[in-house]
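The values are calculated or read from the model by the stated rules, or taken from the named source; none is laboratory data. Only a predicted model underlies this, so the values are computations on that prediction, with no experimental measurement involved. Virtual Cβ from ideal backbone geometry, glycine too; neighbours counted across all protein chains shown.
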Amino acid sequence: MKSPGGERAVRALLWAMLLAWLVVTLFPLYWQLITALKTTEETNRTVPTFWPEEMRFGNFAAVFTESSNFDALVSSFIIATGNTLLSLLLGTMAGYAFARFPRHAGGENLAFWILSNRMFPPVAVIIPMFFLFDATPWGTDSHLSLIILYLVFNMPLATWLMMVFFRDAPRELEEAAYLDGYTPLQAFCKVTLPLVIPGMISVAMLCWIFAWNEYLFANLFVGTEVRTFTIVIPTFTHGSQTLWNLQMAFSLIAVIPPVALFILLRRYMVRGLSLGVVKG
Amino acid sequence: MERSELPAWFVAKRGRPPLQVGRWVPLALVSPPVLVLLAIVVYPTVWMFYHSLQDTNLMRLFQENWSYVGFANFGTVFGSDRFWNAAGQMLQYLLFGACLQVLLGTVLALALYELVRNNVARTALLVLLVLPMMLPPSIVGVLWKFLLTPSNGAINQALLNLGVIDEHIEWFNRGLALWSIIIADIWNWTALPLLIVFSGRVSLPPAVFEAARVDGAGNWQVMRRLTLPMLKEIIAIAFIIRFMDAFKFVDLVFVMTSGGPAQSSELPAYIAYQRGVREFEIGEAAAYSLIIFVCSAVIITLFLQYLKRVVKAQGIA
């Protein structure tokens, strides 16, 4: 208020910064889109064009002329969905125990220990993990190996967030159900569970995105029998030539699910990403 | 009466919720995740600790005749230029990647909150700004490798057209490879601190700010005396989360440069992977892993202490 001129300058500067960052954020995505629409000849020019001369919407279909690309999306879907269901099941059970019977479930320290598993860098223990899975009947190169491996980061997240959600659900309702003669299981299923369904959906979506996007484990563990799109796209070549237009078209198709989920659940996103500290 | 003045047995008894189920039920609910983590995280960690003190390589591992060498692996690691080179690069990444992301994200989040008052416009802008974070890292890597292609990449062409540069920048030579990765990472992850700080700002009680306005505080004063102090913890959390992620950060290195050229974009986590998985020096890889493990353990412990405090203050726990 003291110097309106100075304040206006700061506002103008912040506006400029915000808009500049918007351009920086969107330009690569714009480039991805227009490259996906270009002809192969146009993507290989020495001076790139900033608007496609000829729109090739057929590129999106051309991605799937090689059936292995479609299989990769299917594999990613199977792994992400399988892992999400398992994470959610285990996370809901443990989260409920931590929220309702903290002392009998091992206490706060156990909950924090489970959470800490999400934060450790998996790359540090990836070699023994590989030998461990190699010794199992299903081996490393299978859907099941990644479904189980991704529990490392998704199950702690699910446990922790479900614990936060169960704590927010009033326990008085559950106690009232006990007085009405419900068994603990009935009280859980009919009273508490419906209260945390929205939370469960957001946890499921978060887990699904993380599993869908994962690269490091997939890169080492699978590749012959099973291939996820995250390891197919970086090595997307046709003979000796990189078909940038098809690679970008493929990656656009692959980012649609996480982006769509994010737009749906952005309210819960923050809570999940900051591990429940910030109320989203 | 203060809570602490109550006799201890009374507090203990009152604090204990009535257990409606058998004692085994909570244990049974908690044990599956614990067992899974023991098998796929704790066991590999112990294995890594053990082999960091052995002269294991792939041959010896299969013949099962490795032997104890004390701290020789650590000597090799700390005595190698490759490690110190990567440690320096890690510092560069922490400073210009992680820290810059949080600073930039904080400024952008507060600018977005203060400048855009319309709710629909605000949400639309937020969604657009946060989009990069949703992309799989391997796609981010491919996309930026493509954008930064020296000969006919979009960035070089855009800079040429704008007159910022006269000739193509070699984004993937020795001097710039790591910077290219950092640029891609800033694009990818500035969104996270932005989202966290923005949500933190939204959840601050408006009454406090109205009171400050009534008292005649200017925008700058409100920002410095009220907003920033109240967001202190949230910003700290954004910092620690990005620092924890920094030790996991390898995806873009893999996809964009494979650590090269001449190891100029290697980070310790990448070497740990490379020494073990590609060069079969498992003992040495384990030593690298242990060093990374200890560094991240320090940050994680710090974060969990912090989390306990914040969670308690918010009354969640």
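Answer yes if at least one residue in region A:132-142 is of a type in the set (Ser, Thr, Tyr), within 23 Å of B:Asp251 (Cβ to Cβ), touching a Cys at 6+ places or on another chain (Cβ under 9 Å) and more than 8 Å from every other protein chain (Cβ to nearest Cβ), and no otherwise.
Residues of region A:132-142 that are of a type in the set (Ser, Thr, Tyr), as a first pass: A:136, A:140, A:142.
Now drop any that are not within 23 Å of B:Asp251 (Cβ to Cβ), which leaves A:140, A:142.
Cutting the leftovers down to touching a Cys at 6+ places or on another chain (Cβ under 9 Å) gives us none.
No, because not a single residue in region A:132-142 is of a type in the set (Ser, Thr, Tyr), within 23 Å of B:Asp251 (Cβ to Cβ), touching a Cys at 6+ places or on another chain (Cβ under 9 Å) and more than 8 Å from every other protein chain (Cβ to nearest Cβ).
Residue-wise test of (1) touching a residue at least 24 places away in the same chain (Cβ under 8 Å); (2) surrounded by 15 or more Cβ atoms within 10 Å (Cβ to Cβ); (3) within 10 Å of another protein chain (Cβ to nearest Cβ); (4) within 28 Å of the chain's Cα centre (by Cα).
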residue: A:Arg8; (1), (2), (3), (4): no, no, no, no
residue: A:Leu13; (1), (2), (3), (4): no, no, yes, no
residue: A:Leu18; (1), (2), (3), (4): no, yes, yes, yes
residue: A:Trp21; (1), (2), (3), (4): no, yes, yes, yes
residue: A:Phe27; (1), (2), (3), (4): no, yes, yes, yes
residue: A:Lys38; (1), (2), (3), (4): yes, yes, no, no
residue: A:Thr43; (1), (2), (3), (4): yes, yes, yes, no
Note on region A:145-175: residues among the polar types (S, T, N, Q) and within 8 Å of chain B (Cβ to nearest Cβ) are A:Thr159
Only one of these is closer than 26 Å to A:Trp160 by Cα, within 10 Å of another protein chain (Cβ to nearest Cβ) and assigned to a helix (DSSP H, G or I): B:Ile300, B:Ile235, B:Ile291. Name it.
-> B:Ile300
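If you check B:Ile165 against the conditions, is it in a loop (DSSP other than H, G, I, E, B), farther than 22 Å from A:Met17 by Cα and hydrophobic (A, V, I, L, M, F, W, C)? Break it down into steps so the answer makes sense when it comes.
On the way: in a loop (DSSP other than H, G, I, E, B): yes; farther than 22 Å from A:Met17 by Cα: no; hydrophobic (A, V, I, L, M, F, W, C): yes.
Criteria not met by B:Ile165.
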When residues of region A:59-104 are filtered for being within 12 Å of another protein chain (Cβ to nearest Cβ) and of a type in the set (Val, Ile, Thr), how many remain?
-> 1
Say whether the condition of being within 27 Å of B:Leu226 (Cβ to Cβ), surrounded by 22 or more Cβ atoms within 10 Å (Cβ to Cβ) and under 21 Å from the mean Cα position of the chain (by Cα) is met by at least one residue in region B:107-121.
-> yes
Filter pass, A:Arg100 being charged (D, E, K, R), touching a residue at least 40 places away in the same chain (Cβ under 8 Å) and in the same structural domain as A:Val164 (by TED's automatic domain parsing) = yes
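Suppose we filter region B:50-68 for residues that are assigned to a helix (DSSP H, G or I) and surrounded by fewer than 13 Cβ atoms within 10 Å (Cβ to Cβ); how many remain? Let's see the steps before the verdict.
As a first pass, look at region B:50-68 and keep what is assigned to a helix (DSSP H, G or I): B:50-51, B:58-63.
Keeping just the survivors that are surrounded by fewer than 13 Cβ atoms within 10 Å (Cβ to Cβ) gives B:59, B:62-63.
Here the count works out to 3.
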Could you tell me whether B:Tyr43 is more than 9 Å from every other protein chain (Cβ to nearest Cβ), at pLDDT 85 or above and surrounded by 11 or more Cβ atoms within 10 Å (Cβ to Cβ)?
-> no
Hey, can you tell me all the residues within region B:135-158 that are within 7 Å of chain A (Cβ to nearest Cβ), in a helix (DSSP H, G or I) and farther than 20 Å from A:Ile233 by Cα?
-> B:Gln157
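When you look at A:Ala204, is it hydrophobic (A, V, I, L, M, F, W, C) and over 30 Å from A:Ala72 (Cβ atoms), yes or no?
On the way: hydrophobic (A, V, I, L, M, F, W, C): yes; over 30 Å from A:Ala72 (Cβ atoms): no.
When the stated conditions are applied, A:Ala204 does not pass them.
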Is at least one residue of region B:92-102 in contact (Cβ under 8 Å) with a residue 12 or more places away in the chain, surrounded by 17 or more Cβ atoms within 10 Å (Cβ to Cβ), polar (S, T, N, Q) and out of contact with any Phe, Trp or Tyr (no Cβ under 7 Å at 6 or more places or on another chain)?
-> no
Could you check how many residues of region B:78-134 are within 12 Å of chain A (Cβ to nearest Cβ), in contact with a Lys or Arg (Cβ under 6 Å, 6 or more places away or on another chain) and hydrophobic (A, V, I, L, M, F, W, C)?
-> 1
Of the numbered conditions (1) out of contact with any helix residue (DSSP H, G or I) (no Cβ under 6 Å at 6 or more places or on another chain); (2) farther than 18 Å from A:Leu89 by Cβ; (3) at pLDDT 85 or above, A:Val191 fails exactly one; give the number of that condition.
-> (1)
Filter region B:193-211 for residues that are free of Cβ contacts under 8 Å to residues at least 24 places away in the same chain and more than 9 Å from chain A (Cβ to nearest Cβ) and give the result.
-> B:Pro205, B:Pro206, B:Ala207, B:Val208, B:Phe209, B:Glu210, B:Ala211
Quick one: is B:Ser265 of a type in the set (Ser, Thr, Tyr), buried (at least 19 other Cβ atoms within 10 Å of the Cβ), assigned to a helix (DSSP H, G or I) and in contact with a Leu (Cβ under 7 Å, 6 or more places away or on another chain)?
-> no
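Given the structure, is B:Arg309 over 22 Å from B:Gly105 (Cα atoms) and free of Cβ contacts under 8 Å to residues at least 12 places away in the same chain?
Details: over 22 Å from B:Gly105 (Cα atoms): yes; free of Cβ contacts under 8 Å to residues at least 12 places away in the same chain: yes.
Considered against the rule, which asks whether it is over 22 Å from B:Gly105 (Cα atoms) and free of Cβ contacts under 8 Å to residues at least 12 places away in the same chain, B:Arg309 comes out as yes.
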